Amino acid sequence: MFYTQEESAVLGGFLSSYLNRDSASDHVRDAFARFQVGLERGCLQKSELQWAEQMLLALKPLWWEEWEDHRALMSALLKTQALLRSDE
């Protein structure tokens with residue numbers, strides 16, 4: 001099981017909009033860059049999935065509630081958690 005193209009696009013796009021900016025720390029931007037590479041290649045490590053889960057939960061108040069995107073983000077979060085459980 002892995003992310004669909006749609007889930008990857010939603011996940012990468014949302015995280016990019018908040019984490020790929022000068023106001024984010026170098027550590028966060030570096031972690032996001034590693035995550036993006038793994039997302040594009042379809043080879044995320046458990047630590048990267050844990051990082052994505054933490055970022056999605058931390059940014060949850062910023063999810064776009066008035067549009068359907070919040071459903072796609074919730075789906076990506078649930079898939080991330082399922083991927084983490086399946087890796088145990």
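The values are calculated or read from the model by the stated rules, or taken from the named source; none is laboratory data. On a predicted model such as this, the values are computed, not experimentally measured, just so you know. Here the Cβ positions follow ideal geometry from the backbone for every residue, glycine too, while neighbour counts run over all protein chains shown. Just so you know, the surface numbers come from the protein's heavy atoms only, side chains and all, with ligands and any DNA or RNA stripped out. Shrake-Rupley method; radii C 1.70, N 1.55, O 1.52, S 1.80 Å.
Pairs under 7 Å by beta carbon, first residue in contact (Cβ under 8 Å) with a residue 24 or more places away in the chain and farther than 13 Å from GLN36 by Cα in region 12-24, partner open to solvent by less than 50 Å² (accessible area, probe 1.4 Å) and not β-branched (Val, Ile, Thr), six or more apart or different chains? Listed pairs, sorted by first residue: TYR18/LEU59.
Restricting region 35-45 to residues that are touching a Gly at 6+ places or on another chain (Cβ under 9 Å) and part of a helix (DSSP H, G or I), the residue that is surrounded by the fewest Cβ atoms within 10 Å (Cβ to Cβ) is GLU40.
If you go through region 11-47 and pick out every residue that is among the charged types (D, E, K, R) and in contact with a Leu (Cβ under 8 Å, 6 or more places away or on another chain), you end up with 2. Looking across region 10-34, the residues that are under 15 Å from GLU48 (Cα atoms), open to solvent by less than 30 Å² (accessible area, probe 1.4 Å) and aliphatic (A, V, I, L, M) come down to LEU11, LEU15, LEU19, ALA31. Look at (1) touching a residue at least 60 places away in the same chain (Cβ under 8 Å); (2) assigned to a helix (DSSP H, G or I); (3) not hydrophobic (A, V, I, L, M, F, W, C) and you find that HIS70 fails only one, number (1).
Restricting region 46-63 to residues that are modelled with pLDDT of 90 or more and in contact with an Asp or Glu (Cβ under 9 Å, 6 or more places away or on another chain), which is surrounded by the fewest Cβ atoms within 10 Å (Cβ to Cβ)? So, considering only residues that are modelled with pLDDT of 90 or more and in contact with an Asp or Glu (Cβ under 9 Å, 6 or more places away or on another chain), the one surrounded by the fewest Cβ atoms within 10 Å (Cβ to Cβ) is LYS46.
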